[in-house]
1. Hey, among 162, 151, which residue is at pLDDT below 75, outside the structural domain of residue 44 (by TED's automatic domain parsing) and on the phi < 0 side of the Ramachandran plot?
2. Go through the residues of segment 238-257 one by one and say whether even a single one is without any contact (Cβ under 8 Å) to a residue 24 or more places away in the chain and not in a helix (DSSP H, G or I).
3. Can you find even one residue in segment 437-444 that is in a helix (DSSP H, G or I), surrounded by 15 or more Cβ atoms within 10 Å (Cβ to Cβ) and in the same structural domain as residue 514 (by TED's automatic domain parsing)?
4. Given (1) at pLDDT below 80; (2) in a helix (DSSP H, G or I), identify the lone condition not met by residue 450.
5. Determine which member of the set 425, 464, 430 is modelled with pLDDT of 80 or more and either surrounded by 13 or more Cβ atoms within 10 Å (Cβ to Cβ) or in contact with a strand residue (DSSP E or B) (Cβ under 8 Å, 6 or more places away or on another chain) (or both).
6. Quick one: how many residues across segment 264-283 are surrounded by 15 or more Cβ atoms within 10 Å (Cβ to Cβ) and under 28 Å from residue 389 (Cβ atoms)?
7. Among the listed residues 93, 126, 88, which satisfies the condition of being under 60 Å from the mean Cα position of the chain (by Cα), assigned to a helix (DSSP H, G or I) and at pLDDT 75 or above?
8. So is residue 113 out of contact with any strand residue (DSSP E or B) (no Cβ under 7 Å at 6 or more places or on another chain) and more than 23 Å from residue 36 (Cα to Cα) or not?
């Protein structure tokens with residue numbers, strides 16, 4: 001039984017091995033078959049590409065060229081092309097065929113790697129030969145299609161040429177200055193048309209191309225001349241000269257009216273413009289109008305812009321005159337105000353201790369004001385000499401006006417600070433009166449309720465309040481008064497008096513409630529011994545001046561028989 005089991009295992013192992021080997025063989029065969037099919041497909045594709053290199057059209061075009069040969073140049077070209085064609089047909093194509101056959105053999109021998117490499121080289125060579133054939137065909141078609149292409153181009157040029165001649169003949173008066181040059185150009189173009197026909201008959205296709213190109217340049221250039229010359233003449237002879245005359249008259253008038261317009265360099269620019277007009281006109285006579293329209297438009301834009309510059313000067317003069325009047329008034333007013341402030345400062349120094357910052361601020365304002373007055377004077381002097389344009393003067397005036405506004409703000413702040421000195425002193429004196437009144441009320445509160453004992457704390461705070469009031473009086477009596485220190489003393493004195501007033505109110509209210517609690521609790525003395533003892537203790541504390549302690553003892557005792565008694569007593573005190 002054991003031997004049988006071993007045999008079965010061996011048999012199974014052998015079976016698995018055979019099946020695995022068979023599977024590997026089948027897989028390899030499948031891969032090889034797939035590679036073969038792929039390479040054969042590529043071989044067929046390259047064979048097709050090779051066969052398409054030499055097309056029937058190139059043979060037809062070669063025959064056409066052969067029939068056109070009637071000169072040595074064309075014959076030489078034909079022989080060169082024929083040599084190239086023969087090389088492709090008899091050398092390149094057979095070589096590619098041999099390589100394809102070699103690749104086919106490698107496929108049959110199952111040397112797929114080498115076959116793939118050979119096919120890749122074949123493909124590169126096919127594309128190289130095909131490119132040479134295409135270049136050859138293009139060169140040949142330059143000749144075979146030349147007549148049709150050139151005749152089409154010349155037909156279009158003749159149509160354009162007739163339009164140019166028609167326009168010229170209909171408007172000959174517009175071209176009097178250059179009539180001879182135009183007629184000569186027409187003769188040259190007619191000669192080129194005749195030359196075109198001759199070279200076409202001789203199949204001289206290189207010369208044909210040059211003639212067509214020359215006709216295209218000459219006719220299109222002449223068209224531009226015919227189209228633009230009337231505009232150039234109009235601008236050179238009428239529009240721009242008229243503008244120049246108008247501007248010269250306007251400039252003369254403005255100079256008489258006191259405007260300085262030298263910065264525009266009008267005379268120099270007009271002189272240069274006249275030279276440029278002459279140059280453009282001279283070039284036009286020889287049919288050279290390149291950039292003429294652009295140059296004339298640029299010139300016209302410049303002269304048109306001068307009207308705006310003149311208008312700007314007129315507007316600037318109005319602004320300048322308005323600024324000068326306004327600035328003059330402001331400077332005069334500021335000078336007067338500053339003079340008054342300096343005179344008042346001398347008096348203020350005797351009464352108040354002015355800070356160095358305040359004094360420096362005034363000196364700085366005075367210095368800036370002096371600088372602006374000097375600037376204002378220089379501007380006025382330049383106006384009289386008529387050197388600087390009003391547009392520049394107006395800008396300077398605008399700058400001065402801005403600086404004046406800043407000085408006005410600084411001066412307003414300084415005046416406000418100086419004015420606040422008197423206001424602070426007056427407010428301090430008013431607050432001193434109020435503080436004294438509060439002190440009096442605090443003392444009256446203590447006097448109105450005849451306390452058996454006044455706590456020591458009250459007398460300490462009373463003395464502090466009096467000292468605070470005295471420090472205010474001392475500051476007010478100083479010469480000069482230091483306002484900052486005075487304000488500190490006033491705030492301190494007010495705080496001390498209010499503190500004393502709060503203490504007086506608290507003492508009176510607490511003592512009153514303590515006394516009321518003792519009186520109210522007398523009704524329970526006979527009934528409750530504990531309450532009687534507590535009230536006796538509260539009376540002792542009251543007589544010692546410990547009013548808060550006395551009130552606490554009384555309320556704690558009464559809460560035993562009447563919970564919430566403190567609310568009732570508080571209500572009674574308020575009444």
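1. Residue meeting the stated conditions: 151.
2. yes
3. The answer is no, given that none of the residues of segment 437-444 is in a helix (DSSP H, G or I), surrounded by 15 or more Cβ atoms within 10 Å (Cβ to Cβ) and in the same structural domain as residue 514 (by TED's automatic domain parsing).
4. Among (1) at pLDDT below 80; (2) in a helix (DSSP H, G or I), the lone unmet condition for residue 450 is (2).
5. Checking each option against the conditions leaves just 464.
6. Applying the first criterion (surrounded by 15 or more Cβ atoms within 10 Å (Cβ to Cβ)) to segment 264-283 yields 264, 266, 269-270, 273, 276-277, 280-281, 283.
Restricting the remaining residues to those that are under 28 Å from residue 389 (Cβ atoms) gives 264, 266, 269-270, 273, 276-277.
Residues meeting the conditions: 7.
7. Answer to the check: 126.
8. Taking the combined requirement at face value, the residue does not satisfy it.
The values are calculated or read from the model by the stated rules, or taken from the named source; none is laboratory data. Quick caveat, the model's predicted, so the values are computed rather than measured. Because the Cβ atoms are built from the backbone with ideal geometry, glycine has one as well, and the counts that use them run over all protein chains shown.
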